[in-house]
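The values are calculated or read from the model by the stated rules, or taken from the named source; none is laboratory data. These numbers come from a predicted model, not from an experiment. A quick note on method: Cβ atoms are made from the backbone with ideal geometry, for glycine too, and the neighbour counts reach across all protein chains shown.
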Amino acid sequence: MSDQSYEKRIADYLHSPVNRANAVTIFSMITSQYKKNTEVGRLRQEALKDNSRLMSAIERLQEKILRDEEYSASIIPTVISSDEARNLLFCNEIRPTTEGIYFWLFYILTGFASGFSIVSLINLDEKAIEDFRNDLIQRKGILRGRVDRSVFQEITGRLPFSEYAFGFELLNYFVFWFRNKQLMEKTQFEEDLKKMGVTDEEIPKLVGVRDDAALVVYSIPRGKKRRVEFIPRTKNFITRWYSSFLTNPDIPQPQLGRFLSSLYVSSSKESRGVMDKFLLYLLRNEVDGTLLEEMLGIRVDEIAKSVRPLSYARFFFSKLQ
């Protein structure tokens, strides 16, 4: 963890033109509730017109929040400001601080955006995340600040267009990318793998995952209620579901993603809804038996109409023991 202030970390992050292009897209998303002729709306337009002025816009947004003495949904997406709900009076409300504002902004602005969703990988190796982002851009996996999920789905297969599916695809692809990057660079990675058992608790360290690593999923639809889902225990999730992939260089792709995509029936609206709920539980490292049973039932009905196999089922169910 860096000892620098979050303000300095944001400024350093925005030195890169690539990072500014990503961050200005997210800044536009989180301030979208403000009309163009408002103070924040003008800051958004200014940053979109010239993203080199994004840090200035962020600083002035921070000043406005301090001046108003309350957080807004641009900083904490689930907050309801007094302007939006004049009939509500909150007691003992937490007053914003400079470091608190920049804390929230750092994690959301350094996230990955797709559709109306933003996903942040927290407390993973920052250098690895930076390299991961740059590699995605080179592969055209990030265009105009938004992730092209088709790049992720080359590895997972098809999943619903939803925030939790996006969060899963991002984490799944990061593990895939990191392992293969280490193998290609011919580091000690493969030798380390051979020394380790598939249940070794040191496995997450190989992908820069600390004990306090987490996934944060922001849903910021226009004109609708915003949501933030903080999903801890990322280390446990990776240990449980990726140990065999990480310890066997001969496995081409993570088995979990292939199983889930083979279970998903894209033509079924019911399957889309159930899979999205199932993925939220799964990212928490929980398997909801009722939702799994529902998806299997939908998939069994589809099997009668197609020859699409269910992939890596033995792998998945072995993890439930």
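Remark: pairs (first residue in the stretch 282-304, without any contact (Cβ under 8 Å) to a residue 60 or more places away in the chain and farther than 17 Å from L256 by Cα; second residue buried (at least 17 other Cβ atoms within 10 Å of the Cβ) and among the acidic types (D, E); Cβ separation under 6 Å; 6+ apart in sequence or on different chains) are absent.
Within the stretch 143-169, residues that are under 13 Å from A113 (Cβ atoms) have Cβ atoms under 6 Å from residues that are of a type in the set (S, T, Y) and surrounded by 15 or more Cβ atoms within 10 Å (Cβ to Cβ) in these pairs: G145/T25; R146/S114; V147/S114; R149/S114; E163/S117; E163/S219; F166/S114; F166/S117, counting only partners at least 6 apart in sequence or on another chain. Here the condition is being modelled with pLDDT of 95 or more and either closer than 18 Å to F178 by Cβ or in contact with a strand residue (DSSP E or B) (Cβ under 7 Å, 6 or more places away or on another chain) (or both); of L292, L283, L279, it holds for L283 alone. Go through the stretch 242-292 and give me each residue that's within 13 Å of F316 (Cβ to Cβ), under 20 Å from the mean Cα position of the chain (by Cα) and either among the β-branched types (V, I, T) or surrounded by fewer than 19 Cβ atoms within 10 Å (Cβ to Cβ) (or both). Of everything in the stretch 242-292, just one residue is within 13 Å of F316 (Cβ to Cβ), under 20 Å from the mean Cα position of the chain (by Cα) and either among the β-branched types (V, I, T) or surrounded by fewer than 19 Cβ atoms within 10 Å (Cβ to Cβ) (or both), namely V287.
Scanning the stretch 102-128 for residues that are part of a helix (DSSP H, G or I) and of a type in the set (A, V, I, L, M), we see that the one that is farthest from G141 (Cα to Cα) is L105. If you scan the stretch 3-43, which residues turn out to be in a helix (DSSP H, G or I), of a type in the set (D, E, K, R) and over 22 Å from Y71 (Cβ atoms)? The answer is D12, R20. Restricted to the stretch 132-158, and to residues that are part of a loop (DSSP other than H, G, I, E, B) and under 15 Å from the mean Cα position of the chain (by Cα), which residue is surrounded by the fewest Cβ atoms within 10 Å (Cβ to Cβ)? Selected residue: D148.
Is it the case that the stretch 243-252 has a residue that's modelled with pLDDT of 90 or more and not aromatic (F, W, Y)? Yes, the stretch 243-252 contains a residue that is modelled with pLDDT of 90 or more and not aromatic (F, W, Y). Output the qualifying pairs, or none if there are none: Cβ atoms under 9 angstrom, residues six or more apart or on different chains, first residue in the stretch 23-35 and farther than 10 Å from T110 by Cα, second residue among the acidic types (D, E). From the stretch 23-35, the pairs are Q33/E84. Residue pairs whose Cβ atoms lie under 9 Å apart, sitting 6 or more positions apart in sequence or on different chains, and linking a residue in the stretch 103-116 that is within 11 Å of E163 (Cβ to Cβ) to a partner that is assigned to a helix (DSSP H, G or I) and charged (D, E, K, R), are S114/R149; S114/E163; S114/E169; G115/R149; G115/E163; F116/E163.
Residues that are surrounded by 22 or more Cβ atoms within 10 Å (Cβ to Cβ) and either in contact (Cβ under 8 Å) with a residue 60 or more places away in the chain or outside any helix (DSSP H, G or I) (or both) within the stretch 47-70 are absent altogether. Per the listing I118, I129, I122, the residue uniquely modelled with pLDDT of 95 or more, surrounded by 18 or more Cβ atoms within 10 Å (Cβ to Cβ), of a type in the set (A, V, I, L, M) and out of contact with any Lys or Arg (no Cβ under 9 Å at 6 or more places or on another chain) is I118. Summed over the stretch 305-321, the residues that are in contact (Cβ under 8 Å) with a residue 60 or more places away in the chain and part of a helix (DSSP H, G or I) give a count of 2. When N172 is tested against the conditions (1) assigned to a helix (DSSP H, G or I); (2) closer than 28 Å to D3 by Cα; (3) modelled with pLDDT of 90 or more; (4) not charged (D, E, K, R), the lone failure is (2). Within the stretch 224-237, none of the residues are touching a Gly at 6+ places or on another chain (Cβ under 7 Å) and at pLDDT 90 or above. Taken over the stretch 253-276, the residue count meeting the criterion of being of a type in the set (V, I, T) and either farther than 26 Å from S219 by Cα or at pLDDT 95 or above (or both) is 1.
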